[in-house]
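Chemist: A single structure is presented below for examination.
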Amino acid sequence: MMENVIQMPAPEPTMDMSEDGIARAFTALSGGTMRFDHDQGKWFEWTGDRWKPDQTELALQHMREVARELSESVPEGQRSKFRKANFTAGVERLARADRAHAVTSDNWDCNPWLLGCPGGAVDLKSGARVPSDPSAGITKHVAVAPAKEGCPNWLRFLEEATAGDADMIEFLRRWCGYCLTGDTREHALIFVY
């Protein structure tokens, strides 16, 4: 996650201080953690276990920090040109098109059987936890990670609610698991009374 101050490398004497040069410096620092979705018109940030939409112009702030930091190497009278909103907006326009950042909505949540959760994901076909992977494009995310010991309260509830009907318990477990996926092939509604 990039919410903290960017750790900038020391500027090289021949550093390209154009909008393109600053955009390339931003990409070098954040290419793996920031994506721009051209369908939605917004930036996404990799949080360590999912891609989260940026609602606060965090990407623009990081570009501003890069421009400010790198402009320290130019003579004082010329620094203001690199610290203007128009300059940073130009940097941002160029960064959006960089292949390290540019995506479309087709890049998100491609595998409907992967459920994002804190610290990784769950493969809903096998029930196995899998490590976080930015290339999986996970944006959908639940608030809690699966329990390491299973889910005794849930299983106890199913046992009580179905009066121990093993077939019904198996059906409800599969149904609830299916409801966690992004797969919408099935069109059914169940009534539980």
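Chemist: Taking the chain as a Gaussian network, Cα atoms linked when under 10 Å apart, which of Thr88, Thr139, Thr162 shows the biggest mean-square fluctuation?
Modeler: Thr162
Chemist: Let me ask another. Picking from Leu124, Leu114, Leu158, which is most flexible by a Gaussian network model of the chain using Cα springs under 10 Å?
Modeler: Maximum among the listed residues: Leu158.
Chemist: Of [x] 80, 32, 24; [y] 50, 34, 25; [z] 46, 45, 35, which is the value of Cα extents along the principal axes in Å derived from the coordinates here?
Modeler: [x]
Chemist: Then there is this: Taking a 1.4 Å probe, which of Met34, Met17 shows the most accessible area, and what order do the others take after it?
Modeler: Values: Met34 0, Met17 30 Å².
Sorted by accessible area, descending: Met17, Met34.
Chemist: Provide the solvent-accessible area of Leu94, counting protein heavy atoms only and rolling a 1.4 Å probe, rounded to the nearest 10 Å².
Modeler: Roughly 80 Å² of Leu94 is accessible to a 1.4 Å probe.
Chemist: Next up: Explain nothing, just the number: dipole magnitude of the chain about its Cα centre with +1 on each Lys and Arg Cβ and -1 on each Asp and Glu Cβ, in debye rounded to the nearest 20.
Modeler: Values: 22 positive and 29 negative charges, 72 e Å.
I would put it at about 340 debye.
Chemist: Right, something else. For Phe191, Phe87, give me the order by solvent-accessible area with a 1.4 Å probe, most accessible first, ignoring ligands, DNA and RNA.
Modeler: Working: Phe191 170, Phe87 20 Å².
Listed by decreasing accessible area, they come as Phe191, Phe87.
Chemist: Right, another one. Can you compute the charge dipole magnitude of region 92-139 about its Cα centre, using +1 on each Lys and Arg Cβ and -1 on each Asp and Glu Cβ, nothing else charged? Give it in debye, rounded to the nearest 20.
Modeler: Numbers: 5 positive and 6 negative charges, 6 e Å.
Roughly 20 debye for region 92-139.
The values are calculated or read from the model by the stated rules, or taken from the named source; none is laboratory data. Small disclaimer: the values here were computed from a predicted structure and weren't measured. Because the Cβ atoms are built from the backbone with ideal geometry, glycine has one as well, and the counts that use them run over all protein chains shown. Note: accessible area is taken over every heavy atom of the protein model, side chains too, but ligands, DNA and RNA are not part of it. Shrake-Rupley method; radii C 1.70, N 1.55, O 1.52, S 1.80 Å.
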